[in-house]
Amino acid sequence: MSGNGLEKVGGAGSAGTAGERREIVKRGISASPGIAIGVAFLRDPEHLVVPRTRVPESAVESEIELFQQTLAETRNEIVNVRTLMTDRMGDDHGRIFDAHLMILDDTTISEGVFRLIREKRYNAAAAFNAVVEDIIRSFQEIEDEYLKDRYVDIKDIKRRLMRNLLGREKVGVEKPDGPAVIVAHDLSPSDTAQLDRDATLAYVTDLGGRTSHTAILARSQGLPAVVGLESLSGMVENGDTVIVDGNTGTVVVNPREKTLQDYRLEAARYRELEEQLLTLAGYPAITLDDKEFMLAANIDMPGEAASVLEHGGQGVGLFRTEYFFISHEYLPSEEEQYQTYRSVVEALRNKPVVFRTLDIGGDKIASYLHSSPELNPFMGWRGIRFCLTRKDIFKTQLRALYRASAHGQVKIMFPMISQIEEVTKTKEICAEVRAELRRARFKFDENVELGIMIETPSAVAVADHLAREVGFFSIGTNDLIQYTMAVDRGNSKIAHLYQNLHPSIIRFLKQTVDAARKRDIHVSVCGEMCGDPFSILILIGLQIDEFSCSPNMIPEVKRIIRSVTFDECRALVRRVMRMRTTADIEREVEGFLRAHVQRGGAAEGASE
Amino acid sequence: MLEFTKRIDNKIGLHLRAAGEFVKVAAQFRSEVTVYNGDRSANGKSILGLAGLAAARGALLRVVVDGPDEESAQRALAHLFDQKFHEE
């Protein structure tokens, strides 16, 4: 948490003073490659820029009145939301808003605000901000993690009430004027979903790691991102010049002229390199000994489809449908979904598109779907578990997907499978959907291939059974590693346990591929592991059929594939299968990479 | 003035929702309600105060009621603990 509310108050309206401020260089985690130079836009819903004025004595009572009116208005708003949620999702979901109402009614807030207005002559917004920040701070001091988490409810109320207050005072900028570097303490998937891709140059956040959702999204949009910068957002003001170097994980705020020049050169060099890699787009992903792999892309939004082809992708290996849901304030209808899926399929011009059905839960939450907080969301009601209990939502999505299959090559994939019953149940639902569409005389492909994500250790263990039920496997390495190593990838204290090349992971991959081979079904890897040069060599050696990664990584993956032989990678896998530690495996792979990949390279590979 | 001490044994302690349930009951009475968790104390009619007590599962809370209807207030609040704040 950066700074306190009042410091931010002082920063209001001081944009444009960048020249006088000193250069700040911070290292974070490189989350998405590329270099961007631009003006900062602070996207911080928790830290609204709150205007601070001194209220003259004559206006004190009207300022108090303003606050009371806003309280009443906000109260009505929450009552309405509660009614809506109770109607839609049952009494239990409405109940959290009772607590919100009680917070609004709590005299701790109103008395504190009145006192600051009367005694210190704060304006209502600044007074409310100070009181609530105090409460939030006292909550953050609580050591118990579960109790501590509850300050998000208070933030939620703060946001609501502040919006109403500031709306009256006609202050508060929501969107940058032009293209900007988005700076935030943290960006939730719903925050990023609302940001305009064309107005975004790069992402910079205090929290997050390489596999956090900001990182994944930035990579699929081809925008640079640096995350895990700890307290940077507190040092930046709107309008500051910011350099984001996603290649090294460096961020420079208010750069000196010399720094700026250096980075301009570096940015140009990088662009050139990228263009060179792009010339590979037309060549197949084939090893020196003629083994061909399929390269596909992971995307979240229809707008990214064009970049898949541009980077030489042979299809979409993972279309995450949840971002479409998260970016809506309500449940998108069948027709809306159909139009969206159709536009993706059409943009891919008959190349296959694997749609993953709604994977809500975990750290991806749409407010209208999933209102009750869970103690352990990653082990909770997510993926197929959510869909099988909310069959209404699931069937609507499946109908839309089947209808889109009339316009191109659609495949459907189900997330978070941990037992075979989930697959048989899901297939029954798909059959129901097909029967309904047939009756309603919709055009669709009767043979849409159905596949599953392999991302839980239990799915790996029964992969041989699962392989009899489905048309393809896609290994979601991010979650598979998280669940296998029992490590929260967002927790910096244990993040080192998140290891792509842990012996357990390589064994699990091998087991999954073997099970798929036996039934002759297609197996792909769609986790972030595909973008890691070390891991790629192992995946080649394991004979994964398809690699699916962010569009802008496709050329680099292709370069690596084109510079090695399948035989040598297989031998490498045989060697590392016998090793006991990640460190041993990494050393072996690094040596291999040095000996084979560097001497290969794009130009040589492309000349065949 | 009456008081009782009870252990919080609903799943995740006196979080916001549970604190809300407490306030709902406490607010029905005219008596003043004060809740102690170790050396911290809070007004039993303030949801923020109660949630700020940081009473995790297993914490022993001392509840003091003082006023004209303190007996029924004590009964109702003690009952709420037994019902685990209507959670399960």
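Within the range B:12-30, if we keep just the residues that are at the interface with chain A (Cβ under 7 Å from one of its Cβ atoms) and not small (G, A, S), the residue that is nearest to B:E70 (Cα to Cα) turns out to be B:V23.
With respect to A:L318, determine if the residue is in contact (Cβ under 8 Å) with a residue 60 or more places away in the chain, in the same structural domain as A:V525 (by TED's automatic domain parsing), in contact with a Phe, Trp or Tyr (Cβ under 6 Å, 6 or more places away or on another chain) and hydrophobic (A, V, I, L, M, F, W, C). In short, no. If A:I554 meets every condition in (1) modelled with pLDDT under 95; (2) more than 32 Å from the chain's Cα centre (by Cα); (3) of a type outside the set (S, T, N, Q) apart from one, which number is that one? Going through (1) modelled with pLDDT under 95; (2) more than 32 Å from the chain's Cα centre (by Cα); (3) of a type outside the set (S, T, N, Q) one by one, A:I554 breaks only (2).
The number of residues in the range B:18-54 that are more than 12 Å from the chain's Cα centre (by Cα) and part of a helix (DSSP H, G or I) comes to 1. Cβ contacts < 7 Å: first residue of a type in the set (S, T, Y), restricted to the range A:21-42; second residue not in a loop (DSSP other than H, G, I, E, B), any location; separation 6+ or different chain. Result? Short answer, once both residue conditions are applied: A:S30/A:V226; A:S32/A:A215; A:S32/A:A218; A:S32/A:R219; A:S32/A:A225. Residue count for the range A:250-259, restricted to those that are touching a residue at least 12 places away in the same chain (Cβ under 8 Å) and farther than 17 Å from A:A180 by Cβ: 3.
To keep it simple, each residue is scored yes or no on (1) surrounded by fewer than 23 Cβ atoms within 10 Å (Cβ to Cβ); (2) within 10 Å of chain B (Cβ to nearest Cβ); (3) closer than 15 Å to A:S62 by Cα.
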{"site": "A:I103", "(1), (2), (3)": "no, yes, no"}
{"site": "A:T108", "(1), (2), (3)": "yes, yes, no"}
{"site": "A:R118", "(1), (2), (3)": "yes, no, yes"}
{"site": "A:A127", "(1), (2), (3)": "no, no, yes"}
{"site": "A:A130", "(1), (2), (3)": "yes, no, no"}
{"site": "A:F139", "(1), (2), (3)": "yes, yes, no"}
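Under the condition of being in contact (Cβ under 8 Å) with a residue 24 or more places away in the chain and either more than 13 Å from every other protein chain (Cβ to nearest Cβ) or surrounded by fewer than 17 Cβ atoms within 10 Å (Cβ to Cβ) (or both), the residues counted in the range B:31-57 number 7. If the condition is being of a type in the set (V, I, T) and either within 12 Å of A:S30 (Cα to Cα) or crowded, with 24+ Cβ neighbours inside 10 Å (or both), then the range A:196-235 contributes A:V204, A:T205, A:T211, A:T214, A:I216, A:V226, A:V227.
Under the condition of being among the polar types (S, T, N, Q) and within 25 Å of A:G228 (Cα to Cα), the residues counted in the range A:482-537 number 7. Annotation: of all residues in the range A:498-512 being over 21 Å from the mean Cα position of the chain (by Cα) and without any contact (Cβ under 8 Å) to a residue 40 or more places away in the chain, the one that is surrounded by the fewest Cβ atoms within 10 Å (Cβ to Cβ) is A:S504. When A:S307 is tested against (1) surrounded by fewer than 18 Cβ atoms within 10 Å (Cβ to Cβ); (2) closer than 17 Å to A:C549 by Cα, just one condition goes unmet, and that condition is (1).
Yes/no matrix, rows are residues, columns are (1) among the polar types (S, T, N, Q); (2) crowded, with 24+ Cβ neighbours inside 10 Å; (3) modelled with pLDDT of 95 or more:
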position: A:S458; (1), (2), (3): yes, no, yes
position: A:F472; (1), (2), (3): no, no, yes
position: A:L480; (1), (2), (3): no, yes, yes
position: A:I494; (1), (2), (3): no, no, no
position: A:K518; (1), (2), (3): no, no, yes
position: A:I521; (1), (2), (3): no, no, yes
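Listed by position, the helices (runs of 4 or more DSSP H) contained in the range A:129-202 that have at least 1 residues being modelled with pLDDT of 65 or more and under 26 Å from the mean Cα position of the chain (by Cα) are A:151-169, A:189-194. Counting the residues of the range A:550-581 that are more than 30 Å from A:D300 (Cβ to Cβ) and among the β-branched types (V, I, T) gives 5.
The values are calculated or read from the model by the stated rules, or taken from the named source; none is laboratory data. Everything numeric in this text was worked out from a predicted model, so none of it was measured. So basically every Cβ, Gly included, is an ideal-geometry build from the backbone, and we count neighbours across all protein chains shown.
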